1. Averaged per residue, what accessible surface does the range A:2-117 expose to a 1.4 Å probe, in Å²?
2. Lys and Arg at +1, Asp and Glu at -1: add these up for the other residues within a Cβ distance under 9 Å of residue B:107 and post the number.
3. Within the P(r) computed for chain A, what percentage of the Cα pairs occupies the region above 25 Å?
4. With charges only on Cβ, +1 for K and R and -1 for D and E, what is the dipole size of chain B about its Cα centre, in debye, rounded to 20?
5. Once you treat every alpha carbon in the range A:53-102 as an equal point and sum by Debye, what is log10 I(q)/I(0) at q = 0.14, 0.17, 0.25, 0.28 Å⁻¹?
6. Restricting to DSSP loop positions (anything but H, G, I, E, B) with no more than 16 other Cβ atoms inside 10 Å of their own Cβ, which trypsin sites (Lys or Arg not before Pro) remain in the range B:59-96?
7. Among B:44, B:26, B:57, whose Cα sits farthest toward the positive end of the charge dipole of chain B (+1 at Cβ of Lys/Arg, -1 at Cβ of Asp/Glu, about the Cα centre)?
8. Toward the positive end of the charge dipole of the protein assembly as shown, about the Cα centre and with charges on Cβ (Lys, Arg +1; Asp, Glu -1), which of B:121, A:51, A:107 goes farthest?
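The values are calculated or read from the model by the stated rules, or taken from the named source; none is laboratory data. Every value quoted in this text rests on a predicted model; they were computed, and no experiment measured them. For neighbour counting, all protein chains shown are included, and Cβ atoms are generated from backbone atoms with ideal geometry for every residue, glycine included. Just so you know, the surface numbers come from the protein's heavy atoms only, side chains and all, with ligands and any DNA or RNA stripped out. Shrake-Rupley method; radii C 1.70, N 1.55, O 1.52, S 1.80 Å.
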Amino acid sequence: MKFGILVNEGPYNHQASDSAYRFAKAAIDKGHQIFRVFFYYDGVLNATKHSDPPSDDRNVVKNWQKLAEDHKVDLVVCVAAGMRRGIVEDSLAPGFRISGLGQLIEAGIQADRMVTFGD
Amino acid sequence: MGDKMEEEYEGGVVKKFMFVNRKAPYGTVYALEVLEMVLISAAFDQDVHVAFLDDGVYQIKKGQDTKDLGHKNFSPTYRALEGYDIEKLFVERESLEERGLSEADLLVDVEVVSRADMAKLMGEMDVVMTA
C-alpha cells in the first residue's frame, strides 16, 4: 500500500512526529511505500538542522533524515507554515525540501491512505 | 478504487476530501492554516467537504472582532469559499447546541448535521485531514 503522512506537530513537544516516524518505518519494514511525508503547522520544526538534542535521547530530526537517506522518502515542508516559524531553505536538515501545500493535496490524491499525526 | 474513479472522471482522479475544523479560530494558528489548506485544495478539482465541530464552530460565527486581540480577522474568507466552488460545508448540531449557538449565528450557508451523521459522512470520505 502507498501511504501519505501528514505531521502536524513539532518534535519533542508532542508525540505526533515520533509516532509518524515509527509508523513510516514500520510500514516500510512491512514492504509498504511512503509516497510522501508532509510537515505542516508546527510540524515544520521537524526539519530544522539546528536541532541538537542531548545525546542520551533520540534525535527526531536525524531519524527523519535517515529515513530519507535509506528509503528515499520524500520529506516536504510547507513553505507558508515554515515562513511563519522561521523555517526556510537555509534552515533545512539534509533530506528535507520546501514546497507548497499543493504537495499535500497531491499526496492525498496519489496515496492509497493519508494518515494524519497530531491532536 | 483508483482505477474505477479514473474511468468515471476524465482528466484525473477525483477523491472525496474532508477538512475537519475542531479548534477555536484564535489563540492557535490551526484554524487559519486549515483554511489555507482548503483554499489550495480548490485548485485540484477534488470533491471538497469542510466540517466544523467542537470549538471549530466558532470559526464561522458572525460578528468576529479581533481588533483588541491583535490578530487578523480571517472570517470573511469563509464567505469567499463559494467563489472557489467549495460549497459543501457541514456543521455538527451537537457542537452548536453545546455552545448555545444556532445556524442563525453563522456567517456562511451550511448544512447542519447530527453527530451520528457527521461520523457517517466522514466514513464516506477518501481523505480526511484535520487540526
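1. Solvent-accessible surface per residue comes out at 46 Å².
2. It works out to a net charge of +2.
3. 12
4. Charge dipole of chain B: 600 debye, to the nearest 20.
5. Results for the range A:53-102 at q = 0.14, 0.17, 0.25, 0.28 Å⁻¹ read -0.40, -0.57, -0.97, -1.05.
6. The qualifying sites are B:62, B:72.
7. The Cα lying farthest towards the positive end belongs to B:26.
8. Among B:121, A:51, A:107, the one farthest towards the positive end of the dipole of the protein assembly as shown is A:51.
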